[in-house]
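Taking it in order: structure first as structure tokens, then the write-up.
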Amino acid sequence: MLRLSEIKLPLNHTPEELPAAILKKLGVPASDLHGFTIFLRSYDARKKHNILLTYTLDIDVENEAALLKRFHDDRHVRPTPDTEYKFVAQAPASLEKRPIVIGTGPCGLFAGLVLAQMGFKPIILERGKAVRERTKDTWGLWRKRILNPESNVQFGEGGAGTFSDGKLYSQIKDPKHYGEKVLKEFVLAGAPEEILYVAKPHIGTFRLVGMVEVMRDTITKLGGEVRFSSKVETLQRENGQVTGVTLASGEHIEADHVVLAVGHSARDTFQMLHDQGVFMEAKPFSIGFRIEHPQSLIDKARFGPNAGHPILGAADYKLVHHASNGRSVYSFCMCPGGTVVAATSEPNRVVTNGMSQYSRNERNANAGIVVGISPEVDYPEHVLAGVDFQRKWESQAFELGGGTYSAPGQLVGDFIAGKASTEFGSVLPSYTPGVHLTDLATALPEFAITAIREALPAFDKTIKGFGMHDAVLTGVETRTSSPIRIRRDNETLQSINTKGLFPAGEGAGYAGGILSAGVDGIKIAEAVALSITGRQG
Ligand code: FAD
């Protein structure tokens, strides 16, 4: 197979134009082309009136060797690399102790799945409920203002990304193509095939729920075990080596290998690990608000006359502004055609985030507009001071929202002018259970408010209309990434002071997003397998 990259065609090209472009590029007759598949399709919308599709194609063609020789100097004609996933180990016939995986977010699920595929029969422990029951509890907050602290947007089967936009792209370096394994497993579990080749794939929340169940089923059939309502409350260590875990129920499970994939919201678990002496350090994260605009405004600004084209779908954006007070403001987790969701896991606190369905056809676009903060400057007191910082602003948001889990909100025009909002304009917010209009000036530290006030008009220069008076801000967006890192050894991927403990995924500070968390899960499964079979660590 040959891989051809940078084949550019107009947005509205016919199906026949694709093979024609291959033949033209290679200068071969049609009879030489036996077939082709699309490896990647992206678009270039820098010229709104002339949007181009860019393809990378794998082609089956006559005389490959001769063609490679002829195109020796052309980096866009290369042999198709072998990116098939290969397992690093197989479990021994007599496995003395099964590995434990804590958490069923994308990291824990992929660690569990790959361990199960290698025959290690992992025990996967999840504090929350199975995904269908969890969905009911999550709706309990969104519809009835009732929060279940153990079963919500952050906790339960599927982890934090289950009620999300299901964006599946990442900027991580992935030389071993683990991302491809993640996407292929998702397709086997029911994701649309197009996620394998579109440049910015997404799944949407509805499909994710079913996929998570299929993956659990696969793990179980391979001899793994997934236990819900099984919160790990303590970790046993002897002479710096993990020996097991104890659940909230009091049950003790022995293990020499424990994957810690607890996500960024497991604050009680972070505290427990810290109390037990597991090494961790504070790390930077970001805070801000969610912003909502009409999706049609974003589509028009990005795609001009091509807005609404089915290949382009609902438009996204990515914005950055370096404010004059030295802070960076950027858009985060943009959800085209989606809704803003209540994402707290703790009582009497308000946290925003975004999600969408696969169709992305809700009327508003939403994104976090967040400001970077760092432990050195903003929460230097102690390792877990970032958690205290988050809690402070989440509690403040609860109060500003009226103390009923409504989110405090303000129109962008009023926020910039520094006056409280009293009435919605043309944009109606999507956050449930509700938005309480107020003045957001005290909802975040002053430096963040100043930086966001400066950034919104600046963003309007890139996306015309972004600073529109009626766009709605809701807050607060505090769970952008983990406030800590649980440091691990680069080679064995084990905690630097606790042998047998494998900190993983977003909570440990090694991933940000579904795809990168899944990739980290695979890496960790391999590290556990190599350690159990005595080939590493
Ligand atoms: P998590 O997914 O957080 O999973 C951790 C799991 O561990 C949880 O299920 C939790 O219940 C469990 N757990 C915690 N403590 C314990 C304990 N002590 N014992 C047992 N179990 C425990 N990312 C994207 O890439 N694209 C998106 O579109 C996107 N949208 C998002 C929308 C929302 C509303 C949210 C909240 C997040 C979104 N994200 C998105 C971020 C993404 O979900 C996370 O980056 C990802 O889920 C991190 O995976 P993880 O496995 O490391 O942790």
**Message:** Consider region 149-194. How many of its residues are among the β-branched types (Val, Ile, Thr) and at pLDDT 95 or above?
**Reply:** 3
**Of all residues making up region 237-256, the number that are surrounded by 12 or more Cβ atoms within 10 Å (Cβ to Cβ), closer than 20 Å to VAL528 by Cα and not polar (S, T, N, Q)** = 9
**Asked** For region 495-523, how many residues meet the condition of being more than 7 Å from the ligand (Cβ to nearest atom), open to solvent by 30 Å² or more (accessible area, probe 1.4 Å) and part of a loop (DSSP other than H, G, I, E, B)?
**Response** 3
**Request:** Could you tell me whether any residue of region 102-110 is more than 28 Å from LYS181 (Cβ to Cβ), assigned to a loop (DSSP other than H, G, I, E, B) and at pLDDT 95 or above?
**Result:** no
**Request:** Please determine, by comparing only the residues of region 168-180 that are in a helix (DSSP H, G or I) and in contact with an Asp or Glu (Cβ under 9 Å, 6 or more places away or on another chain), which one is surrounded by the most Cβ atoms within 10 Å (Cβ to Cβ).
**Result:** TYR178
**Fill in**
Given the conditions (1) out of contact with any Gly (no Cβ under 9 Å at 6 or more places or on another chain); (2) within 7 Å of the ligand (Cβ to nearest atom), every one holds for HIS177 apart from (2)
**Which numbered condition ASP489 misses (of (1) within 16 Å of the ligand (Cβ to nearest atom); (2) over 30 Å from ALA45 (Cα atoms))** = (1)
**Complete:** Within region 31-51, the residues that are within 26 Å of ASP299 (Cα to Cα), outside any strand (DSSP E or B) and not hydrophobic (A, V, I, L, M, F, W, C) are ARG46, LYS47, LYS48, HIS49, ASN50
**Request:** Within region 194-211, work out how many residues are among the hydroxyl-bearing types (Ser, Thr, Tyr) and not in a helix (DSSP H, G or I).
**Result:** 1
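Table: residues versus (1) open to solvent by less than 10 Å² (accessible area, probe 1.4 Å); (2) at pLDDT 95 or above; (3) not in a helix (DSSP H, G or I).
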{"position": "HIS72", "(1), (2), (3)": "no, yes, yes"}
{"position": "GLU84", "(1), (2), (3)": "no, yes, yes"}
{"position": "ALA93", "(1), (2), (3)": "no, no, yes"}
{"position": "LEU115", "(1), (2), (3)": "yes, yes, no"}
{"position": "LYS121", "(1), (2), (3)": "no, yes, yes"}
{"position": "GLY128", "(1), (2), (3)": "yes, yes, yes"}
{"position": "GLU133", "(1), (2), (3)": "no, yes, no"}
{"position": "THR138", "(1), (2), (3)": "yes, yes, no"}
**Message:** Yes or no: region 60-67 includes at least one residue that is touching a Lys or Arg at 6+ places or on another chain (Cβ under 7 Å), in a loop (DSSP other than H, G, I, E, B) and either surrounded by 13 or more Cβ atoms within 10 Å (Cβ to Cβ) or not polar (S, T, N, Q) (or both).
**Reply:** no
**Message:** I'm told PHE447 meets every condition in (1) among the aromatic types (Phe, Trp, Tyr); (2) under 30 Å from LYS48 (Cβ atoms); (3) in contact with a helix residue (DSSP H, G or I) (Cβ under 9 Å, 6 or more places away or on another chain) except one. Can you identify the failing condition by its number?
**Reply:** (2)
**Item:** Within region 146-165, considering residues that are surrounded by fewer than 24 Cβ atoms within 10 Å (Cβ to Cβ) and without any contact (Cβ under 8 Å) to a residue 60 or more places away in the chain, the one farthest from the ligand (Cβ to nearest atom)
**Value:** ILE146
**Complete:** Filtering region 3-30 down to residues that are touching a residue at least 12 places away in the same chain (Cβ under 8 Å) and part of a helix (DSSP H, G or I) yields LEU18, PRO19, ALA21, ILE22, LYS25, LEU26
**Request:** Only residues in region 127-145 that are more than 11 Å from the ligand (Cβ to nearest atom) count as the first member; pair them with residues that are open to solvent by 90 Å² or more (accessible area, probe 1.4 Å), Cβ under 6 angstrom, at least 6 apart or cross-chain, and list the lot.
**Result:** GLY140/ILE146
**Request:** Kindly state which strands (runs of 3 or more DSSP E) lie completely within region 257-325 and contain at least 1 residues that are open to solvent by less than 20 Å² (accessible area, probe 1.4 Å) and either in contact (Cβ under 8 Å) with a residue 12 or more places away in the chain or within 11 Å of the ligand (Cβ to nearest atom) (or both).
**Result:** 258-260, 285-294
**Message:** Which count do you get for residues in region 466-494 that are open to solvent by 20 Å² or more (accessible area, probe 1.4 Å) and in contact (Cβ under 8 Å) with a residue 60 or more places away in the chain?
**Reply:** 4
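The values are calculated or read from the model by the stated rules, or taken from the named source; none is laboratory data. The model shown is predicted, which means the values in this text are computed figures rather than measured ones. A quick note on method: Cβ atoms are made from the backbone with ideal geometry, for glycine too, and the neighbour counts reach across all protein chains shown. Note: accessible area is taken over every heavy atom of the protein model, side chains too, but ligands, DNA and RNA are not part of it. Shrake-Rupley method; radii C 1.70, N 1.55, O 1.52, S 1.80 Å.
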